[in-house]
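Worksheet for the structure shown next.
All of the numbers you see were taken from the coordinates with simple rules; none came from a lab. Predicted model, so just to flag it, every value in this text is computed and none were measured. Cβ placement follows ideal geometry from the backbone for every residue including glycine, while neighbour counts extend to all protein chains displayed.
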């Protein structure tokens, strides 16, 4: 039963990720509003990892085992016990938890503000996973490019992979493009996304192009309801 549920969950996550990628490519859903949003999306994984690494380096000597010396017992093999006796380590743990909470809050609040509550939660979960993976892959490819021991062909392959990751990242950072699409749609403009993620549009007979050009463009994606976002995603333009 548990295995079946796990398999179903993995299939659902995979299909949902593909659907969100398609929605991002056609500028119907805001995935990453900007580069800062992409960096914040990695914090729920980066901050706990860094916190655990710091705690381990601080407490590894105290949890190396129990020994008897000078008439008393020293050390412990229990991580929580070692942590309870080290106030500095407790402070590090609290800071890591607070930083992770702030990062998670910014991810979910931003996604729900741009995409509505229901779709925003799904986008936020996707952002946490994809943002962390993208950051790790980008850093890994940079390391392969600059590593001196790599051959020329390996560096070229790493450079090509790095370029693909940059293109994929630019595709997912689509806050401004989604805003433009929504603005043009509300003005009565037929919008067609290009292969590079930009927008081609033509005015409908009821809306002259001159009127569209004079309309101000906002600087951040506006809030929409979940149901309206889902309808926009399903609409054929």
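Computed over Cα pairs, the Kirkwood radius of the stretch 7-177 leads via Stokes-Einstein (0.890 mPa s, 25 °C) to a diffusion coefficient of 129 µm² per second. As a rough footprinting exposure proxy, the listed residues 125, 119, 159, 6 were ranked by other beta carbons within 10 Å of their own, and the order from fewest upward is 6, 159, 125, 119.
Residues 130, 17, arranged from fewest to most other Cβ atoms within 10 angstrom of their Cβ, appear as 17, 130. Residues 127, 62, arranged from fewest to most other Cβ atoms within 10 angstrom of their Cβ, appear as 62, 127.
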